[in-house]
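Input: a single structure, listed below in C-alpha cells.
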Amino acid sequence: MASGATIHTFEIALADVDRGVYEDLTLRVARHPSETDAYMMTRVLAYCLEFEEGIVFSEGISSADEPAVLVRDLTGRVTAWIEIGSPDAGRLHFGSKLADRTTVYTHRDPAKVVATWAGKRIHQAEAITLHSFDPGFIDAAVAALQRRNTMTLSITERQLYLELNGVSASSAVHDHPIE
C-alpha cells in the first residue's frame, strides 16, 4: 500500500444480469495521493464490470509493470489487463502482448483518449476496447463517496444502475474501438 494512501471501504451488492454474476463484495481500496476520486471510482466500477475469479487491484499508479486491475488464472498467468483513465500506447502495447484480453475504462472524454493513441503501435489494437460512461455519471458517484461506502450495482443490457450511499445514478457503458 502506498505511503499516504487513503483507504476507502466498499460493501458492494453486484448483480450483473448480462454475465450472470451475482456477488457480495467487500473491497478495501487504497487511493494514492496522486489519484483522483474519479479515477478511483472508475477503478472500482471496472473491477465490478470485469469481476471474475482471479481479479485483483494491482499496485496501479505505484507500478509501471501492471495495470490498475488485472486477472490471473490459477497458474498466475495474466488473462486480463484492465487499464483505467488514459494510459499511454506503450502500456496498452505491453499489456496486449502479455494478456489474453486488454481493455480500458475511462472517466475522461473518450474521443480525446483515443486520439492520444492515433498512429502509435499497439499490439492487437483492434481487439482492445475503450469503455466510457454517460457524462456526469462518474461525477455523481464521486459526490456520494465516503470513506466507508455501501454500493449496489446492477447491470442489464450494458446499462448500469448504481446506488452509492443512498444516491442513485445510471449510465450506459459505451464501447469505443481504438483503431
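Quick check on the stretch 137-145. Is at least one of its residues in contact with a Phe, Trp or Tyr (Cβ under 8 Å, 6 or more places away or on another chain) and among the hydrophobic types (A, V, I, L, M, F, W, C)? No, every residue in the stretch 137-145 fails to be in contact with a Phe, Trp or Tyr (Cβ under 8 Å, 6 or more places away or on another chain) and among the hydrophobic types (A, V, I, L, M, F, W, C). Of all residues in the stretch 147-160, those being within 20 Å of residue 9 (Cα to Cα) and either modelled with pLDDT under 95 or surrounded by 14 or more Cβ atoms within 10 Å (Cβ to Cβ) (or both) number 6. The lone criterion from (1) exposed (fewer than 15 other Cβ atoms within 10 Å of the Cβ); (2) free of Cβ contacts under 8 Å to residues at least 12 places away in the same chain; (3) under 17 Å from the mean Cα position of the chain (by Cα) left unmet by residue 88 is number (2). Taken across the stretch 99-113, residues that are under 17 Å from the mean Cα position of the chain (by Cα), surrounded by fewer than 22 Cβ atoms within 10 Å (Cβ to Cβ) and of a type in the set (Ser, Thr, Tyr) do not occur at all.
What number of residues within the stretch 30-53 are assigned to a loop (DSSP other than H, G, I, E, B) and either within 20 Å of residue 128 (Cα to Cα) or among the aromatic types (Phe, Trp, Tyr) (or both)?
3
Close Cβ contacts (under 9 Å, 6 or more residues apart or on different chains) running from residues in the stretch 5-24 that are closer than 16 Å to residue 142 by Cα to residues that are loosely packed, with under 15 Cβ neighbours inside 10 Å and modelled with pLDDT under 95 comprise 6/33; 7/1. Could you check how many residues of the stretch 130-153 are assigned to a strand (DSSP E or B) and without any contact (Cβ under 8 Å) to a residue 40 or more places away in the chain? The number of residues fulfilling the criteria is 0. Cβ separations smaller than 9 Å between residues 6+ apart or across chains give the following pairs from the stretch 64-82 residues that are under 19 Å from residue 130 (Cβ atoms) to residues that are surrounded by fewer than 12 Cβ atoms within 10 Å (Cβ to Cβ) and of a type in the set (A, V, I, L, M, F, W, C): 69/56; 70/56; 71/56. What do you reckon, is residue 104 of a type in the set (A, V, I, L, M) and touching a Pro at 6+ places or on another chain (Cβ under 8 Å)? It is true that residue 104 is of a type in the set (A, V, I, L, M) and touching a Pro at 6+ places or on another chain (Cβ under 8 Å).
Restricting to the stretch 8-64, count the residues that are among the basic types (Lys, Arg) and surrounded by 14 or more Cβ atoms within 10 Å (Cβ to Cβ).
Pass one, the stretch 8-64, residues among the basic types (Lys, Arg): 19, 28, 31, 43.
Now narrow it down to the ones that are surrounded by 14 or more Cβ atoms within 10 Å (Cβ to Cβ): 31, 43.
Adding up the residues that qualify gives 2.
Residue-level check: of (1) of a type in the set (Gly, Ala, Ser); (2) surrounded by 19 or more Cβ atoms within 10 Å (Cβ to Cβ); (3) within 27 Å of residue 146 (Cα to Cα); (4) touching a Ser or Thr at 6+ places or on another chain (Cβ under 6 Å), residue 68 misses just (4).
The values are calculated or read from the model by the stated rules, or taken from the named source; none is laboratory data. What you are looking at is a predicted structure, and each value in this text was computed from that prediction instead of being measured. Positions of Cβ are backbone-derived with ideal geometry, glycine not excepted, and every protein chain shown enters the neighbour counts.
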